[in-house]
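Below is one structure, written out as structure tokens; comments come after it.
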Amino acid sequence: MDALTTILVVVTGAALRLAVPLALTALVVVTLRRLDARWQAEAEQERNLLVKEEMPCWKDEGISVDEMRARLASGELPCWQARRLPNGHLQENCLNCEAFREMPVPDSRRYAHT
């Protein structure tokens, strides 16, 4: 009887050493997945509120390059930024746009963190 109790205690201890960390890990994984799904839904809602899909293309408006530069200098969001795809890539027609290609490359020093 004493040997049976000892074996039972050892098996129970080993099971607890495995079960408790596995259960905690599973709980953390489920919690993080739910949190990630909630954050993604919030980001999509925010993007839908901020991005105006009807923002006209500057090329279609007939705006000159100088006017575009003035708008960019005033802080206005360019049309190709407002029309980004959900994955962050630019639309194909924006990449081929003359207005997009004629814009100066942003100065990285202006946006550097100090």
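Applying both filters, DSSP loop and at most 14 other Cβ atoms within 10 Å, to the GluC sites (Glu not before Pro) of segment 1-108 gives E53, E54, E76. Rounded to the nearest 500, the helix-only mean residue ellipticity at 222 nm of the chain stands at -21000 deg cm²/dmol, with each DSSP H run of n ≥ 4 adding -39,500 (n - 2.57).
Peptides 26-36, 78-88 ranked from most to least packed, by the mean per-residue count of other Cβ atoms within 10 Å: 78-88, 26-36. Taking Cα atoms only, the orientation of helix 2-50 departs from the longest principal axis of the chain by about 10 degrees.
Where nothing but the Cβ of Lys and Arg (+1) and of Asp and Glu (-1) is charged, how large is the charge dipole of the chain around its Cα centre, in debye to the nearest 20? It would help to have the intermediate numbers written out before the result.
Numbers: 14 positive and 16 negative charges, 99 e Å.
For the chain, the charge dipole is close to 480 debye.
Only the coordinates and a few stated rules stand behind these numbers; no lab work does. Because the structure is a prediction, the values reported are computed rather than measured. FYI the Cβ positions are ideal-geometry reconstructions off the backbone, even for glycines, and counts take in every protein chain you see.
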